[in-house]
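The values are calculated or read from the model by the stated rules, or taken from the named source; none is laboratory data. Fair warning: this is a prediction, and the values are worked out from it, not measured in the lab. Cβ placement follows ideal geometry from the backbone for every residue including glycine, while neighbour counts extend to all protein chains displayed. Heads up: the accessible areas ignore ligands, DNA and RNA and are worked out on the full protein's heavy atoms, side chains in. Shrake-Rupley method; radii C 1.70, N 1.55, O 1.52, S 1.80 Å.
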Amino acid sequence: MKTPRHFLTLRDIDPQEFRHLIQRGQELKAMHAEGRTYLPLQQKVLAMVFEKSSTRTRVSFEAAMVQFGGSAIFLSPRDTQLGRGEPVADTARVLSRMVDAIMVRTFAHETLEEFAAHSQVPVINGLSDQYHPCQLLADMMTYFEHRGDIRGRTVAWVGDGNNMCHSYINAACLLDFQLRIAVPEGYEPAADLLAAAGERVQVVRDPQAAVADADLVVTDVWASMGQEEENNRRRQAFQEYQVDEVLMGTAAPDALFMHCLPAHRGEEVSAAVIDGPRSVVWDEAENRLHAQKALLEFLLAPALSGQPC
Ligand code: CP
Ligand code: NVA
């Protein structure tokens, strides 16, 4: 059996493939806007395993499969045997004999790795506690769309050293931009990722030091899914880390603001920033659809993608 190509983190693609996915996402977006019918995944089925809630990831993958002529099946632990203790490995073996790709949103990243190890078809990370690579495809596509190449630019991450932050570190290495992370003590991203990223990624305490002259400012919720019981403690720890108009005012004059959503106005971002002129969060959310179409095409119809997978 040929080992399938998985997408568990951005490290599963190389810089050239990342740039291809960004460009192809833009092409597919234009084709969609023109109303052109393009059905590269007819008869193909994507299984989507969600162990956590989702709006954007679920709808974008499902819409992508339908628009490509295929279909998607939503599976939650509430109504599958996975939720009653059937092993991950067995679930992966069975699903991958029936469908063409499997998207998994889960807690421990190791669950995804186990899924992938026992799957005959590509496994896609729809978010784990450690990474959210699909969101980075959309974020980077959105930056390129608005401002061109991100190489050599400076990105400020303000807030938790979480799954999104980890994927930004990976993206900085692949696309060659500087990343400044402003994070309170005790909430830093994983030390091994920071060490591997070297000088491209810098951790600071002061949000102003991270945001000064930055080309892109990004934040995310202070308590991620699964951390609900830490809400109060985190609110305390992060109270100086809100992206508000004063902080955005120190970024480069044409800086953009992004947030993967869902957002908590008045916590990690002020309403004036997320609903303001520098915010591109709605394009960013829409681009989940187009960027993931590029990913699905790349994994399942590489000849059509124009990029050997
Ligand atoms: N940004 C994101 O992944 O959103 P959902 O949790 O709604 O899928
Ligand atoms: N860091 C957030 C991202 C949600 C899309 C979480 O994991 O809940």
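Selection over region 274-309 of residues that are touching a His at 6+ places or on another chain (Cβ under 9 Å), part of a helix (DSSP H, G or I) and aliphatic (A, V, I, L, M) gives a count of 5. Output the number of the condition that Ala182 fails; it satisfies all remaining conditions of (1) under 22 Å from Arg235 (Cβ atoms); (2) open to solvent by 10 Å² or more (accessible area, probe 1.4 Å); (3) hydrophobic (A, V, I, L, M, F, W, C). The single condition Ala182 does not satisfy is (2).
Of all residues in region 214-226, those that are near ligand 2 (Cβ under 6 Å from one of its atoms) have Cβ atoms under 7 Å from Cβ atoms of residues that are of a type in the set (A, V, I, L, M, F, W, C) and in a loop (DSSP other than H, G, I, E, B), 6 or more apart or on another chain, in Asp220/Cys260. Number of residues in region 134-156 that are in contact with a Phe, Trp or Tyr (Cβ under 9 Å, 6 or more places away or on another chain) and within 12 Å of ligand 2 (Cβ to nearest atom): the value is 3. Residues that are open to solvent by less than 40 Å² (accessible area, probe 1.4 Å) and over 22 Å from Trp282 (Cα atoms) do occur in region 240-263, at least one of them. Considering region 199-220, and only residues there that are in a helix (DSSP H, G or I) and farther than 22 Å from Arg234 by Cα, the residue that is most open to solvent (accessible area, probe 1.4 Å) turns out to be Glu199.
Tell me which strands (runs of 3 or more DSSP E) are completely within region 80-198 and hold 1 or more residues being touching a Leu at 6+ places or on another chain (Cβ under 6 Å), or say none if there are none. Before you say what the answer is, go through the steps one by one.
Working: elements: 101-105, 123-125, 154-158, 178-182.
Of the strands (runs of 3 or more DSSP E) lying wholly inside region 80-198, those with at least 1 residues that are touching a Leu at 6+ places or on another chain (Cβ under 6 Å) span 101-105, 123-125, 154-158.
On the given criteria, is Leu41 crowded, with 20+ Cβ neighbours inside 10 Å, in contact with a Leu (Cβ under 9 Å, 6 or more places away or on another chain) and under 26 Å from Asn162 (Cβ atoms)? No: the conditions fail for Leu41.
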